Amino acid sequence: MTNTMKVFILIFGAAITMPSYASNEYYCRTAIKTDRTIKSVPKDRAWLGIMKVTDYGNSFTVHFDGHYNMHNFDSGKISPVGQKGHMNIKTESDSSITEYFKYDSTYRLFNYVNNKKRFDLNLYACESKDGTLIKKL
């Protein structure tokens, strides 16, 4: 096999494995209001209330990392709403329904069980890894 063929195979293979969207990681302050069925766990008592959000442009994931005894929430594909927002409504694996919103520099989740709001999560003052405050996502 010639060197030219090896380079082509290497480049072609790398192009196949690249994700379709680049992602950005943000660390956001949180405010959560629950229906009291969601309980904090011992690790929440020493937690500073910062959650990681991975933003893919057309979707985002909120990483609960076990806080409030919950796993990650993935928005699925979000669509434009109005001039500044994006949203999606999705049925979760536990049959609850979550509304996902992304605005200029904030994210918001509303989760419902049996048509009753289980929690309202507001992620705000989002910063990049280097500590730069995000003005507009």
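The values are calculated or read from the model by the stated rules, or taken from the named source; none is laboratory data. Every value quoted in this text rests on a predicted model; they were computed, and no experiment measured them. Note: ideal-geometry Cβ built from the backbone for every residue, glycine included; neighbour counts use all protein chains shown. With ligands, DNA and RNA removed, areas are computed over all heavy atoms of the protein, side chains included. Shrake-Rupley method; radii C 1.70, N 1.55, O 1.52, S 1.80 Å.
How much FRET efficiency would the formula 1/(1 + (r/R0)^6) give for K43 and D94, where r is the Cβ-Cβ distance and R0 is 30 Å, rounded to 0.05?
0.90
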Cα-projected label distance for A22 with D120, points at 7 Å along beta-carbon direction, nm: 3.6
Net length gained if the chain between I32 and I50 were fully extended (0.36 nm per residue, minus Cα distance): 5.3 nm
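Any idea of the accessible area per residue across the stretch 40-137, 1.4 Å probe, to the nearest Å²?
Heavy-atom SASA per residue in the stretch 40-137 reads 58 Å².
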Percent carbon-and-sulfur accessible area, the stretch 46-90, ignoring ligands, DNA and RNA, probe 1.4 Å: 53
Integer Hz, Karplus 6.51/-1.76/1.60 couplings in order for the stretch 77-87, x for Gly and Pro: 5, 9, 10, x, 9, x, 8, 10, x, 9, 7
